[in-house]
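Worksheet: the structure to be examined is printed underneath.
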């Protein structure tokens with residue numbers, strides 16, 4: 001219910017902002033088209049001809065205003081303001097200029113054939129120059145608003161990532177000194193050390209896992225290849241503890257190894273599956289890690305909730321969501337259906 005109310009409030013806010021923008025745009029079109037016509041023709045023409053000129057100016061201004069807005073939005077979707085400003089400005093100038101030429105050609109034709117007004121070369125030039133001025137004035141307003149929105153968004157995302165990284169570091173530190181984790185690890189080691197070749201592998205896995213946590217704590221993202229490698233080590237540690245009561249199956253092709261992922265995100269999801277579900281002979285816990293649709297890294301586990309739940313900070317999944325929004329502007333998908341809990345991490349590319 002809280003989620004629904006929150007979404008409804010967001011939709012209402014967006015609709016109100018859209019209505020305000022539409023009202024301002026409509027008023028601007030009427031004012032600009034009227035002033036342009038009256039200044040240019042108001043003292044020389046009257047009656048039906050003036051009304052025709054007003055109509056032509058209104059249609060011209062409507063096309064230019066709305067077209068400029070769509071062109072600005074289109075170029076902003078193709079080029080990022082802070083990363084590709086040169087391409088953004090050039091594309092806007094070229095597209096807007098071509099658009100004005102097309103619209104003004106139509107206005108000149110309508111003025112001469114619909115309003116019955118003969119235009120000389122200077123008058124036609126005034127049309128083009130005036131429209132270019134109007135276009136770039138409107139475009140500068142939309143570009144300024146877009147710049148401010150992007151700057152604010154980047155600032156909020158940077159703050160969110162900083163908070164998420166602080167929480168991740170805290171979780172990493174807490175896990176390093178978590179007595180419960182160390183106690184289970186030592187107990188398992190005692191069982192394996194008696195001339196068991198698996199003992200060396202267990203110690204090596206613990207060592208690799210701890211080293212990875214230390215090395216990745218200051219990184220925003222790591223390669224999926226490296227994250228899968230350490231997740232395998234973590235799965236081996238946990239399977240040494242639970243035996244065949246826990247199955248962690250990895251099915252990820254090397255074709256996806258070049259994609260990026262927030263550090264320890266995969267390990268955190270496997271840990272959550274173990275933390276929140278029963279792991280026993282009667283209820284074997286199965287965790288599957290695979291790629292879906294070539295777009296998502298999926299972590300899926302059977303749902304068999306514990307009666308006595310372990311303490312949880314509740315920030316793990318939210319932490320991953322926040323870091324994904326910052327790094328890729330993509331949403332993490334979480335589903336709970338058909339007796340399975342599924343988390344879908346979007347695949348993205350990042351220079352590392």
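Sort 133-140, 234-241 by packing, meaning the average of other beta carbons within 10 Å per residue, with the highest value first.
234-241, 133-140
Can you put 19, 225, 321, 121 in order, fewest other beta carbons within 10 Å first?
121, 19, 225, 321
Fewest first, what order do 118, 91, 68 take by the number of other Cβ atoms within 10 Å?
The fewest-first ordering by Cβ neighbours comes to 118, 91, 68.
Using the scaling law 2.2 N^0.38 Å as the reference, what is the normalised Cα Rg of region 52-144?
Cα Rg divided by the expected 2.2 N^0.38 Å: 1.20.
Residue separation times 0.36 nm, minus the C-alpha to C-alpha distance between residue 55 and residue 210: what's the value?
Full extension from residue 55 to residue 210 adds 48.5 nm.
Rg and Dmax of region 253-295, using alpha carbons, in Å: what are they?
13.4, 39
Arranged by the count of other C-beta atoms within 10 angstrom, fewest first, what order do 27, 69, 268 take?
With the sparsest Cβ surroundings first, the list reads 27, 69, 268.
May I ask you to derive the FRET efficiency for residue 35 and residue 98 from their Cβ-Cβ distance with R0 = 25 Å, giving the value to the nearest 0.05?
0.45
With Rg and the Kirkwood Rh both taken from Cα atoms, where does Rg over Rh land for region 197-352?
0.95
Label residue 229 and residue 90 with points 7 Å out from Cα along Cα→Cβ: what is the distance between them in nm?
The modelled label-to-label distance comes out at 4.0 nm.
Using the Kirkwood radius over Cα pairs, work out the Stokes-Einstein diffusion coefficient for region 216-297 at 4 °C and 1.567 mPa s, in µm²/s as a whole number.
96 µm²/s
Say each of residue 253 and residue 286 gets a label point 7 Å from the Cα, pointing the same way as Cα to Cβ; how far apart are those two points in nm?
Simple spin-label model gives 2.3 nm for this pair.
No lab work stands behind these numbers, since they all come straight from the coordinates. The structure displayed is predicted, hence computed values, not measured ones. Neighbour counts are summed over all protein chains in view; Cβ atoms, including those assigned to glycine, are modelled from backbone coordinates with ideal geometry.
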